[in-house]
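For reference, the structure discussed in these notes is given below.
The values are calculated or read from the model by the stated rules, or taken from the named source; none is laboratory data. None of these values were measured; they are calculated from a predicted model. A quick note on method: Cβ atoms are made from the backbone with ideal geometry, for glycine too, and the neighbour counts reach across all protein chains shown.
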Amino acid sequence: MPVGEQPSGPQWCIVGNLLPYPYSPRGPLAAHRSQKIFPAGAKLYVIGGFAGMGYETVTVIGHTHRRRRPVLAHLKAAYVGAWRAELVYWPVLLRMILRAQREQPRECHRWLNPPHDGRQGRYEADDPAYGEHLARIAASFRQTPTGSG
């Protein structure tokens with residue numbers, strides 16, 4: 001997609017929710033149930049990660065505590081739960097995903113390259129086969145110790 005082009009329709013993405021941070025029930029922050037950047041339960045759009053570390057750290061886009069615009073952050077995969085593949089419709093999120101993909105191609109790869117199963121080329125982000133591919137990846141995150149289900 002060229003630099004200035006807008007996304008033409010919805011695209012598939014791995015989505016998860018931020019798990020509440022397990023503070024001590026008697027600690028000074030017992031009522032504060034969030035991470036530093038995102039509130040607990042925030043919907044996070046997972047657009048990549050660091051494969052060399054076994055995806056212990058993933059790259060996400062989400063809304064922070066007091067900002068209207070989404071932000072890009074690197075987060076431990078163990079902090080994310082309810083992994084699934086969904087279509088993203090919001091233009092602001094689609095633009096941010098595409099910009100991150102252009103500026104940080106190693107961290108924001110979106111798993112567009114197929115596994116070694118004989119498929120040629122890359123997936124298109126709006127292809128239903130890509131949604132199935134992401135659903136398999138999300139299921140593997142649910143089953144590994146780095147990702148929480």
Among the numbered criteria (1) modelled with pLDDT of 85 or more; (2) exposed (fewer than 12 other Cβ atoms within 10 Å of the Cβ), which one does ALA135 miss? (2)
Given the conditions (1) within 13 Å of the chain's Cα centre (by Cα); (2) more than 15 Å from VAL15 (Cα to Cα), report the number of the one that GLN104 does not fulfil. (1)
I'd like the full set of residues that are surrounded by fewer than 16 Cβ atoms within 10 Å (Cβ to Cβ) and either part of a helix (DSSP H, G or I) or touching a residue at least 40 places away in the same chain (Cβ under 8 Å) (or both), limited to region 85-99. LEU87, TYR89, PRO91, VAL92, ARG95, ARG99
Would you check if VAL60 is in contact with a Lys or Arg (Cβ under 9 Å, 6 or more places away or on another chain) and at pLDDT 90 or above? no
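Just need a number here: residues in region 105-125 that are surrounded by 15 or more Cβ atoms within 10 Å (Cβ to Cβ) and not aromatic (Phe, Trp, Tyr).
The first filter runs over region 105-125 and keeps only residues surrounded by 15 or more Cβ atoms within 10 Å (Cβ to Cβ), leaving 107-112, 114, 123, 125.
Then drop every residue that is not not aromatic (Phe, Trp, Tyr), which leaves 107-110, 112, 114, 125.
So the answer is 7.
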Looking at TYR55, TYR130 in this structure, which one is among the aromatic types (Phe, Trp, Tyr) and touching a helix residue (DSSP H, G or I) at 6+ places or on another chain (Cβ under 7 Å)? TYR55
Tell me whether region 79-87 contains one or more residues that are touching a Gly at 6+ places or on another chain (Cβ under 9 Å), more than 18 Å from ALA139 (Cβ to Cβ) and at pLDDT 90 or above. no
Unmet criterion (only one of (1) part of a loop (DSSP other than H, G, I, E, B); (2) modelled with pLDDT of 85 or more; (3) on the phi > 0 side of the Ramachandran plot) for GLY118: (2)
Would a scan of region 22-29 turn up a residue that is surrounded by fewer than 20 Cβ atoms within 10 Å (Cβ to Cβ), part of a loop (DSSP other than H, G, I, E, B) and at pLDDT 85 or above? no
Of all residues in region 49-77, count the ones that are surrounded by fewer than 17 Cβ atoms within 10 Å (Cβ to Cβ) and not in a strand (DSSP E or B). 11
